[in-house]
Amino acid sequence: MTTTTTAAGNGSTDTATTGKPERLTGMAQVREAEAYHTASVMHDAPSAAETASPAKVRDQAAEALRCLYAAQNHLQNLTNYEPPF
């Protein structure tokens with residue numbers, strides 16, 4: 001049994017028949033990148049506190065806290081927009 005997939009008349013393709021998701025463009029692509037980088041910052045920030053040695057705890061903890069605040073700020077900025085995907 002053989003099936004043939006054809007493009008729709010308006011230039012778009014049906015993702016159910018092609019198996020490929022539609023590629024993000026424009027602001028959707030920007031928002032996806034923001035979400036990825038926010039998650040990356042949030043992942044890395046706590047690790048800074050975990051690796052602090054006793055002699056440098058105060059400075060590294062302050063740096064980790066600044067990283068967490070930056071991640072929180074980016075996350076709050078993401079909630080100001082409609083989800084692109």
Under a plain spin-label model, where a point goes 7 Å from the Cα along Cα-to-Cβ, how far apart in nm are residue 68 and residue 37?
2.3
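Round to the nearest 0.05 the FRET efficiency obtained for residue 30 and residue 76 when R0 = 22 Å and r is the Cβ-Cβ distance. Numbers along the way, then the final one.
Numbers: r = 17 Å, r/R0 = 0.76.
Step by step, r from the Cβ atoms, then E = 0.85.
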The ³J(HN,Hα) series, computed from each phi in segment 22-32 with the Karplus coefficients 6.51, -1.76 and 1.60 at θ = phi - 60°, rounded to the nearest Hz and given as x for glycine or proline, is 5, 6, 6, 9, x, 5, 4, 5, 5, 5, 4
Report the normalised scattering of segment 22-78 as log10 I(q)/I(0) at q = 0.15, 0.17, 0.25, 0.27 Å⁻¹, calculated by the Debye formula with identical scatterers on the alpha carbons.
-0.51, -0.59, -0.91, -0.98
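Computed from the coordinates by the stated procedures, all read-outs in this text should not be read as laboratory data. All of these numbers come straight from a predicted model, not from anything done at the bench. We place every Cβ from the backbone using ideal geometry, glycine too, and count neighbours over all the protein chains shown.
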